[in-house]
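Single-structure report; data block below.
All of the numbers you see were taken from the coordinates with simple rules; none came from a lab. Note that the structure is a prediction, hence the values are computed from the model and not measured. Using ideal geometry, Cβ is built from the backbone for each residue, glycine included, and neighbour counts are taken over all protein chains shown.
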Amino acid sequence: MSAPERPPGSARAEQWRRRRQQQDRATRVAAACFLVAIVAALALFGVYLAGGQTQAEGVLLAVAFGAVGLGLAVWVRQIIGAREVVEDRYPMRSRQQERDDFEAAYEEALGEAGDGGRRRFLLRLLGGAGASLGLALVLPFRSLGPTPEGELFHTAWRDGVRLAAEGGGLVMATDVSPDEVLTVFPEDAIGDPSAQALLVGTREGELDVDALPGETVEGMVCYSKICTHAGCPVGLYRAAVGELICPCHQSVFDVNDAARVLSGPTGRPLPQLPIGVDDDGHVIALGDFSEPVGPSFWNLHHDRPEPRA
Ligand code: FES
């Protein structure tokens, strides 16, 4: 990469020669920076594929970007040169020695450009650093995991499934008294977090059945237990006023009015689970929740996709 030795000439030639040496040094520094960036980016890729280590990935990413930035800074300041140079006017026609120097420098520059000179060399390394970093930047997409498909829209509830308490006991219609709250699951999916529901015993004449999106059993109503704000379990019930309260950010839902939001940061009611009673007196589900459970997402009200087989 270094320029060939030139015979001593005028002061201008000596100045030119020092400048060339300085540029050669800067070229080596910039090239080293880009190589460091490539190694760091590839190491980041390797660490990620080996299972990931957050601190190491952060350090490697910082080193890669820092090295690219340093390399570009050296390139711009030391090689391209951003300084404004003012020179006193001198006779328009150059002396013969200067003309010869210029001609030699020009031909040498042409030669470098023709056989893969400094600029091409650094551009290739910079391209390599960019490509390596680009490889690292696609890694977060791999961490997004599989497409959820139907999981966001469906739970384990389906028509005919009996309601079971947390301990596994099936819930009879006669078990539910006014003001009582039971956490229930599908009998075949006890503990399934997305299926957890609250079966609330209502006071006589207070539940607005017409406001509910699905069927219910007299004296009780069932809602998803997962808060529609950020997904906390709705764990508090103020029986005197028929309000379910989420302890995380104090969203309040009206049990007797289809879990309408009374206050708090959430934007939609708790989905209702349609329920009935079978011939043996067990409380059963008549289908899935009225809406997807938990926090809202952008296509919440699109047609429900089929559950994954
Ligand atoms: S998660 Fe329930 S109010 Fe925020």
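Multiply the residue gap between Val241 and Ser10 by 0.36 nm, knock off their C-alpha separation, and tell me the result in nm, one decimal place.
Full extension from Val241 to Ser10 adds 73.3 nm.
If I fit a long axis through the Cα atoms of helix 54-74 and take the longest principal axis of the Cα atoms of the chain, what angle between them do I get, 0 to 90°, rounded to 10?
It works out to around 30 degrees.
So how strong a dipole does the stretch 209-309 carry about its Cα centre when Lys and Arg Cβ are +1 and Asp and Glu Cβ are -1, to the nearest 20 debye?
Here the size comes out at about 600 debye.
Between Phe121 and Leu42, with labels modelled 7 Å along Cα→Cβ, what's the label distance in nm to one decimal, could you check?
The modelled label-to-label distance comes out at 2.0 nm.
Got a sec? Charge dipole of the chain, +1 on Cβ for Lys and Arg, -1 for Asp and Glu; which of Gln78, Phe141, Ala259 is way out at the positive end?
The residue sitting farthest along the positive end of the dipole is Gln78.
Using the crude model of +1 on Lys and Arg Cβ and -1 on Asp and Glu Cβ, and no other charge, please compute the dipole size for the chain relative to its Cα centre, in debye to 20.
For this selection, approximately 3600 debye.
If the convex hull of the alpha-carbon atoms of the chain is projected onto planes in all directions, what is the mean projected area in square nanometres?
So the mean shadow area of the Cα hull is 27.3 nm².
Given a Förster distance of 51 Å, report the FRET efficiency between Gln97 and Gln53 from their Cβ-Cβ distance, rounded to the nearest 0.05.
Calculated transfer efficiency: 0.25.
Angle between the Cα long axis of helix 118-137 and the longest principal axis of the chain, 0 to 90 degrees, nearest 10?
Its long axis makes an angle of about 10 degrees.
How do Met220, Met172, Met92 rank when sorted from fewest to most other Cβ atoms within 10 Å of their own Cβ?
Met92, Met172, Met220
Compute the distribution of all C-alpha to C-alpha distances in the stretch 11-142, in bins of 10 Å from 0, and list the percent of pairs in each, rounded to whole numbers.
11, 31, 25, 16, 10, 5, 1
Where in the chain lies the longest segment free of GluC sites (Glu not before Pro) that are both loop residues by DSSP (not H, G, I, E, B) and have at most 16 other Cβ atoms within 10 Å?
Value returned for the longest uninterrupted segment is 219-309.
Please state the relative contact order of the chain as a whole percent: Cα pairs under 8 Å, 6+ residues apart?
15 percent
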